[in-house]
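Have a look at the structure below before the remarks.
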Amino acid sequence: MLLNAEPVRVLGDADNPRLRFSEEGPDGPDPRRLLFVDDKPAFELSFWCGTCQILFQRQEGSTETFSAEGDDPVEAFGALLPRGDYQPLRLRIEPRLVQPSHPGDYFAGEQVATWGLDSFWGLPVYPRTPYYRTFETAVDADAHLYEFVVPMVPPSWNERAQVDKYAAELARGEPATAVAVSILDVSLPATDNGSDYYAHWALTHFLLDGHHRLQAAAEAGLPIRLLSLLAVDHGLSAPADVARLPALLTQPAQQRGAV
């Protein structure tokens with residue numbers, strides 16, 4: 001559920017941002033599309049073509065969480081990012097923790113229905129991390145939006161006492177907010193090889209702050225607020241697609257194929 005949103009230009013640290021996305025295309029020295037943390041690959045992302053499977057696969061650089069000081073979280077967390085246009089999204093989410101290849105896994109479910117199994121491995125795509133599913137809705141008859149929150153470190157790294165503390169606070173109705181940098185990837189297979197052919201819109205939030213709070217909300221089945229800084233220039237989506245997000249996020253949740 002979208003609480004409010006307004007566009008902003010985040011200045012960040014243009015010379016040495018702690019987080020950045022690949023700026024080179026598939027013909028560069030590393031053809032992969034990546035999210036870097038301190039110049040180390042943290043996540044491999046969907047390939048540049050816009051027809052390949054959605055991907056957020058954890059890499060060796062995804063080993064720490066982030067925090068920022070200051071009264072303005074957009075400014076504080078924006079300082080971790082390169083200069084660019086970001087769409088702040090203030091969301092109310094209900095996270096559900098998913099384990100890869102277990103029930104509810106997008107990669108083994110909806111993605112296989114559209115792309116089929118990986119042509120080389122003969123298996124679903126493997127993200128190498130647990131992740132949270134939060135929301136989905138129809139874009140139109142030929143496209144569907146899926147929302148994910150991807151932790152920088154797996155929930156098994158979280159301290160149990162901290163998770164329990166936040167769960168108790170949430171149960172008492174105390175507000176809690178997590179922060180993420182996000183991208184919107186839109187991908188449609190070049191050919192119809194699956195059982196359900198349509199465009200996948202993946203709104204993927206990479207969690208910077210709030211790992212214990214998000215796990216607590218998922219375990220307690222309670223909502224939590226998420227401040228997302230959506231990197232407008234770094235997703236596989238057109239500006240018109242990004243402009244549609246605020247309206248799509250206010251729609252009722254709807255599973256693919258549901259009437």
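None of the figures in this text is laboratory data; all of them are computed from the coordinates on show. From a predicted model like this one, the values you see are computed outputs, not experimental measurements. Note that we place each Cβ from the backbone using ideal geometry, even for glycine, and neighbour counts take in every protein chain shown.
Centroid-to-centroid, using Cα positions, region 17-49 and region 122-184 are 22 Å apart.
Where only DSSP H runs of four or more residues are counted, the chain gives -5000 deg cm²/dmol as its mean residue ellipticity at 222 nm, each run worth -39500 (n - 2.57). Phi angles of region 174-190 translate, via the Karplus equation with coefficients 6.51, -1.76, 1.60 and θ = phi - 60°, into HN-Hα couplings of 6, x, 9, 10, 10, 10, 9, 9, 9, 9, 10, 10, 10, 9, 10, x, 5 Hz per residue; Gly and Pro are given as x. For region 2-248, a crude dipole built from +1 on the beta carbon of Lys and Arg and -1 on the beta carbon of Asp and Glu, taken about the Cα centre, is about 520 debye to the nearest 20. Length available on full extension from Q255 to S156: 0.36 nm per residue minus the Cα-Cα distance, which gives 32.8 nm. Modelled this way, with points 7 Å down the Cα-to-C-beta line, the labels at D233 and A247 are 2.7 nm from one another.
Close amide H contacts of D118 (hydrogens built in the peptide plane, cut-off under 5 Å, sequence separation of 5 or more or a different chain): L123, V125. Dividing the mean sequence gap of close Cα pairs (under 8 Å, 6+ apart) by how many residues the chain holds gives a relative contact order of 24 percent. Backbone phi angles across region 107-113, fed through the Karplus curve with coefficients 6.51, -1.76 and 1.60 (θ = phi - 60°), yield HN-Hα couplings of 5, 8, x, 4, 5, 5, 5 Hz in residue order; Gly and Pro are listed as x.
Net charge of the neighbourhood of Q59, taken over other residues with C-beta under 11 Å away and scored Lys/Arg +1, Asp/Glu -1, is +2.
When T134, T65 are sorted by how many other C-beta atoms sit within 10 angstrom of their C-beta, beginning with the fewest, the order is T65, T134.
Amide H contacts of V8: Y86, each under 5 Å away and 5 or more positions distant or on a separate chain (H built 1.01 Å from N in the peptide plane; Pro and chain starts excluded). The residue among S237, H212, M152 whose Cα reaches farthest toward the positive pole of the charge dipole of region 2-248, with charges on the beta-carbon of Lys, Arg, Asp and Glu, is H212. Taking θ as phi - 60° and the Karplus parameters 6.51, -1.76 and 1.60, the scalar couplings of region 70-77 work out to x, 7, 9, x, 4, 5, 5, 7 Hz in sequence order, x denoting glycine and proline. Figure legend: label point modelled 7 angstrom from the Cα of K165 along Cα→Cβ; residues of region 69-96 with amide N under 20 Å from it are 69-70. When chymotrypsin sites (Phe, Trp or Tyr not before Pro) are flagged only if DSSP places them in a loop and at most 13 other Cβ atoms lie within 10 Å, the longest unflagged stretch of the chain comes out as 122-259. Between A220 and R9, the simple spin-label model (points 7 angstrom out along Cα→Cβ) gives 4.1 nm.
Think of each Lys and Arg Cβ as +1 and each Asp and Glu Cβ as -1; about the Cα centre, that makes the dipole of region 1-132 roughly 420 debye.
Electrostatic bookkeeping for N16 treats Lys and Arg as +1 and Asp and Glu as -1; over the other residues with beta carbon under 13 Å from its beta carbon, the sum is -1. With the charge dipole of the chain set up from +1 on Lys and Arg Cβ and -1 on Asp and Glu Cβ about the Cα centre, the Cα lying farthest toward the positive end among the listed residues L222, F107, V179 is that of L222.
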